[in-house]
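Novice: Dumping the structure here so I can ask a few things about it.
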Amino acid sequence: GENVEQHPSTLSVQEGDSAVIKCTYSDSASNYFPWYKQELGKRPQLIIDIRSNVGEKKDQRIAVTLNKTAKHFSLHITETQPEDSAVYFCAADYYQKVTFGTGTKLQVIP
Amino acid sequence: NAGVMQNPRHLVRRRGQEARLRCSPMKGHSHVYWYRQLPEEGLKFMVYLQKENIIDESGMPKERFSAEFPKEGPSILRIQQVVRGDSAAYFCASSPRLYEQYFGPGTRLTVT
């Protein structure tokens, strides 16, 4: 089955700096890669996603890149703000069975 | 358009009792997924259902766990004879088509 690895597990950045979270996946058949943000005690919320026929997607301060050959994808958050502090999960979708990474706890220091 | 609804939000059961978790998908969504999340951990896929059909239950333990999504009414995740290790947050998600899953607020199950 699919295996998704996510790094780093924790990340602290100063407000205004950029944050990058990286994930790798094992199954080349996976073709959809969503990213979720989960605040403490809350539900995961979809923040951005990318399909395998696209290399990069951007939505305001958030961007995701995908390298199908290397089987890795990354989340980039620019101009970080304290409200970006949360746990971020990457995921790979293989025939509607979504495998999540282990999460990155992002702390933005004011 | 109301979001994905789950109830109860918190559920306390003694060991050996049954837990029944409900999930109402967003209007127009025919795909439902259940996930389990242990404290400080990621989400683990349990089961994927469409109306009246279990499409993929490969993530669900073979014993004590079952799920259904009837023609009418919410999807139900049922855990029989609960044990302490079943304590977790259970999230359901729904989608109108392939991809784009939207999560409910979760049910936090505590087994005492």
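The values are calculated or read from the model by the stated rules, or taken from the named source; none is laboratory data. Source: prediction; values computed, not measured. Positions of Cβ are generated from backbone atoms using ideal geometry, with glycine treated the same way; all protein chains shown enter the neighbour counts.
Novice: Among the numbered criteria (1) exposed (fewer than 15 other Cβ atoms within 10 Å of the Cβ); (2) in a loop (DSSP other than H, G, I, E, B); (3) more than 12 Å from every other protein chain (Cβ to nearest Cβ); (4) on the phi < 0 side of the Ramachandran plot, which single criterion is violated by B:P39?
Specialist: With (1) exposed (fewer than 15 other Cβ atoms within 10 Å of the Cβ); (2) in a loop (DSSP other than H, G, I, E, B); (3) more than 12 Å from every other protein chain (Cβ to nearest Cβ); (4) on the phi < 0 side of the Ramachandran plot applied to B:P39, the lone miss is (3).
Novice: Just one of (1) assigned to a loop (DSSP other than H, G, I, E, B); (2) within 24 Å of B:Y35 (Cβ to Cβ); (3) among the hydroxyl-bearing types (S, T, Y); (4) at pLDDT 95 or above trips up A:S30, so point out which.
Specialist: Looking at each condition in turn, A:S30 falls short on (4).
Novice: Can you spot a residue in the stretch B:68-88 that is small (G, A, S) and in contact with a Ser or Thr (Cβ under 7 Å, 6 or more places away or on another chain)? If you could, list the steps in order and put the result at the bottom.
Specialist: Quick first cut of the stretch B:68-88, residues small (G, A, S) only: B:73, B:75, B:85, B:87-88.
Then keep just the ones that are in contact with a Ser or Thr (Cβ under 7 Å, 6 or more places away or on another chain); that gives B:87.
Yes.
Novice: If you don't mind, another one. Restricting to the stretch B:56-95, give me the number of residues that are of a type outside the set (V, I, T) and assigned to a loop (DSSP other than H, G, I, E, B).
Specialist: Residues flagged as of a type outside the set (V, I, T) and assigned to a loop (DSSP other than H, G, I, E, B) within the stretch B:56-95 amount to 17.
Novice: Follow-up question, since we're still on this one. Surrounded by 13 or more Cβ atoms within 10 Å (Cβ to Cβ), touching a Leu at 6+ places or on another chain (Cβ under 9 Å) and either within 13 Å of chain B (Cβ to nearest Cβ) or without any contact (Cβ under 8 Å) to a residue 24 or more places away in the chain (or both): is that true of A:A19 in this structure?
Specialist: no
Novice: Separate question: Any idea which of A:T102, A:T65, A:T80 is away from every other protein chain (no Cβ under 14 Å), touching a Ser or Thr at 6+ places or on another chain (Cβ under 8 Å), outside any strand (DSSP E or B) and buried (at least 16 other Cβ atoms within 10 Å of the Cβ)?
Specialist: A:T80
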